[in-house]
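To keep things clear, I will list the structure first and then write my remarks on it.
The values are calculated or read from the model by the stated rules, or taken from the named source; none is laboratory data. From a predicted model like this one, the values you see are computed outputs, not experimental measurements. Ideal geometry is used to build each Cβ from the backbone, glycine not excepted, and the neighbour counts take in all protein chains shown. Heavy atoms of the whole protein, side chains included, go into the accessibility calculation; ligands, DNA and RNA do not. Shrake-Rupley method; radii C 1.70, N 1.55, O 1.52, S 1.80 Å.
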Amino acid sequence: MKFQAIKGVRDILPPESALWNRVEQAAREVFQTYGYGEIRLPIFEPTELFARSVGLDTDIVSKEMYSFEDYETSEVIEHRNAVLTFPETVSPLDPITPFRSFSDLASRFVSLAQEALDAGRIPRTPENEAVLRLVGQEVGQFRAYLQNRGIAENNLLVVQIKERVREIKFGDVLALRPEATASVVRAYIEHGMHTQPGNVKLYYIGPMFRRERPQKGRYRQFYQIGAELLGPSDDPSLDAEVIEMLLDFFARVNLHGAKLYINSIGDKNCRPAYVELLRGELQKVRDKLGADSQRRIETNPLRVLDSKRSEEQPIIDRLPHIADHLCDACREHYAELKRQLASRQIDYEENWRLVRGLDYYMRTTFEIIAAGLGSQNAVCGGGRYDGLVELLGGPAATKGIGFAIGTDRLMLSLQEAGATAKCGLEVYIAWMGAQAYPAAVALARKLREHNLSVELPAQEMKFGKSLNLADRLGARFAVILGEDELAAGQFTVKRLADGDQRKLSEAELLEYLTKSRTA
Ligand code: AMP
């Protein structure tokens, strides 16, 4: 049997992983200079957290979440499994005994489940209470009359009872996180961070999970580097500074062709009227839209603007722009954001179709696209989400803004532009002779103490073969250690790029190697 990584996930191997590390390190350094601290978050959370924050009408929540029920195996679970896997009865010779066993098993399950429910070991929700009551009644009925029924009828009832048992929730429903803003806000509230002075500035780095159709730049396990700023103020200069930090980071990693798009989507004062206007306009052209967009006319007209379907583009182009329908406060916020960006010499383009179709998003939205990515060219999305903290049960006055960079896409774009990283083997120690080995071990330790990357072959090899391997491993230097060197108390060091060779004492060798590393 051969195992393979599952669809949509992949391994990131050296030397590519070295480039990832370099990029993540740059993010840490840049974000730190803006006063952000790292938050390490759980990979899974209650599904409900994402359902609430990301929204039920999004693809992420409606079809892309890796959700599962989390419970400990116990007697009640064992009985549930036995009930669910109880075989169909077929023998006309003994049509009663198997059904009697089933009813014993099911009754035992019902009383164990009731006990567990009362003790809170399975969630004490109204749904669970109602279903369990029903199962109890159905099992009682089944048992009372099982002798009066035929095999087929009893089998049918067994199937029904099994269906009903499946409805009981035995544990919390959890999900692998599809994004991290919800978790950051959850943590912010849980730890009472609103009592901290000033703004709370947090960044995270890690994997996210969405069951999407995999393609270049789109994976089921992908990585994000994100930052969130939470606090009492929604001053546009904060929005501008968040964007400045992001662009600083992209410049630091030499991302070419990055382009910033911005928009304002209003707030709860002005957006509802615009959404109604949009809905009205969309209704007029309903027949020309695809099924998804038609559905969204009702559920979330803003999301029609996200559509990538080519036949919908000319229709969308003629729709009213939200910028013409902002209230005074939002218009001023947007104008000030643009002034702030200009004063920071940040180039941008406005894109009126850049919306986040979620109620708690307001005002500023932005996106960055990069070169070399084909259709999946967004490397970063962000925006202001002033309503989210309140939505998740935190203080209503808290404002928030943040972004998430798609690290996979950032890496693709950087690699497309020729970025590479070497694994960086610096020194290969070619030793020969039984006495040379302990000296080679000691030398390796010394070099590693000086942060040099060292390869020490475990087996003795002829020098020719050893040097050939050093070459193929991409080492920069080979240190030759044989009987002559031992006798002379010196090392022969060969620079593999040009064959330059010299004899050095240990102290000289150390100096030579550490100097040439920084050179
Ligand atoms: P979102 O959380 O959907 O706003 O996405 C933020 C960024 O994450 C996007 O701009 C992409 O760069 C990246 N991203 C989102 N989904 C995926 C995915 N399935 N695979 C790779 N990158 C993704």
Problem set entry | Candidate set from the stretch 482-503 (those that are under 12 Å from LEU467 (Cα atoms) and part of a strand (DSSP E or B)); member that is nearest to the chain's Cα centre (by Cα) | ARG495
Problem set entry | Output for the stretch 399-442, where each listed residue is out of contact with any helix residue (DSSP H, G or I) (no Cβ under 9 Å at 6 or more places or on another chain), of a type in the set (Gly, Ala, Ser) and away from the ligand (no atom under 16 Å from the Cβ) | ALA417, GLY418, ALA434, ALA440, ALA442
Exercise. Got a number for residues in the stretch 215-227 being open to solvent by 30 Å² or more (accessible area, probe 1.4 Å), modelled with pLDDT of 95 or more and more than 8 Å from the ligand (Cβ to nearest atom)?
Worked result: 1
Exercise. Within the stretch 306-316, is even one residue under 16 Å from THR365 (Cα atoms) and open to solvent by 40 Å² or more (accessible area, probe 1.4 Å)?
Worked result: yes
Exercise. Which is without any contact (Cβ under 8 Å) to a residue 40 or more places away in the chain, aliphatic (A, V, I, L, M) and either open to solvent by 20 Å² or more (accessible area, probe 1.4 Å) or within 16 Å of the ligand (Cβ to nearest atom) (or both), of ALA370, ALA396?
Worked result: ALA396
Problem set entry | Given (1) open to solvent by less than 10 Å² (accessible area, probe 1.4 Å); (2) within 16 Å of the ligand (Cβ to nearest atom), index of the condition ILE168 fails | (2)
Exercise. Which residue pairs have Cβ atoms closer than 9 Å, lie 6 or more positions apart in sequence or on different chains, and pair a first residue in the stretch 194-211 that is in contact (Cβ under 8 Å) with a residue 24 or more places away in the chain with a second residue that is part of a loop (DSSP other than H, G, I, E, B) and aromatic (Phe, Trp, Tyr)?
Worked result: LYS201/TYR34; LYS201/TYR36; LEU202/TYR36; TYR203/TYR36; PHE209/TYR66; ARG210/TYR66; ARG210/TYR219; ARG211/TYR66
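Based on this model, can you work out whether ARG133 counts as in a helix (DSSP H, G or I) and either modelled with pLDDT under 95 or surrounded by 12 or more Cβ atoms within 10 Å (Cβ to Cβ) (or both)? Spell out how you get there, then give the answer.
Values: in a helix (DSSP H, G or I): yes; either modelled with pLDDT under 95 or surrounded by 12 or more Cβ atoms within 10 Å (Cβ to Cβ) (or both): yes.
It is true that ARG133 is in a helix (DSSP H, G or I) and either modelled with pLDDT under 95 or surrounded by 12 or more Cβ atoms within 10 Å (Cβ to Cβ) (or both).
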Seminar exercise, completed: Residues of the stretch 228-248 being open to solvent by 40 Å² or more (accessible area, probe 1.4 Å) and part of a helix (DSSP H, G or I), in sequence order, are GLU241, GLU244, LEU247, ASP248
Problem set entry | Positions within the stretch 177-209 being within 16 Å of the ligand (Cβ to nearest atom) and of a type in the set (Ser, Thr, Tyr), in sequence order | THR181, SER183, TYR203, TYR204
Exercise. Taking interchain pairs and intrachain pairs at least six residues apart, which have beta carbon atoms under 6 angstrom, with the first residue in the stretch 429-448 and of a type in the set (Val, Ile, Thr) and the second open to solvent by 10 Å² or more (accessible area, probe 1.4 Å) and part of a loop (DSSP other than H, G, I, E, B)?
Worked result: ILE429/LEU456
Exercise. Within the bounds of the stretch 249-271, is there any residue that is at pLDDT below 95, of a type in the set (Lys, Arg), away from the ligand (no atom under 15 Å from the Cβ) and open to solvent by 40 Å² or more (accessible area, probe 1.4 Å)?
Worked result: yes
Exercise. Taking the stated definitions as given, is VAL158 more than 16 Å from the ligand (Cβ to nearest atom), among the hydrophobic types (A, V, I, L, M, F, W, C) and in a helix (DSSP H, G or I)?
Worked result: yes
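Select from the stretch 116-130 the residues that are in contact (Cβ under 8 Å) with a residue 12 or more places away in the chain and surrounded by fewer than 16 Cβ atoms within 10 Å (Cβ to Cβ) and list them in ascending order.
THR125, GLU127, GLU129 - these are the residues of the stretch 116-130 that are in contact (Cβ under 8 Å) with a residue 12 or more places away in the chain and surrounded by fewer than 16 Cβ atoms within 10 Å (Cβ to Cβ).
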For this session: Could you please find all residues in the stretch 373-393 being of a type in the set (Gly, Ala, Ser), within 16 Å of the ligand (Cβ to nearest atom) and either touching a helix residue (DSSP H, G or I) at 6+ places or on another chain (Cβ under 7 Å) or in a strand (DSSP E or B) (or both)?
Result: ALA378, GLY381, GLY382, GLY383
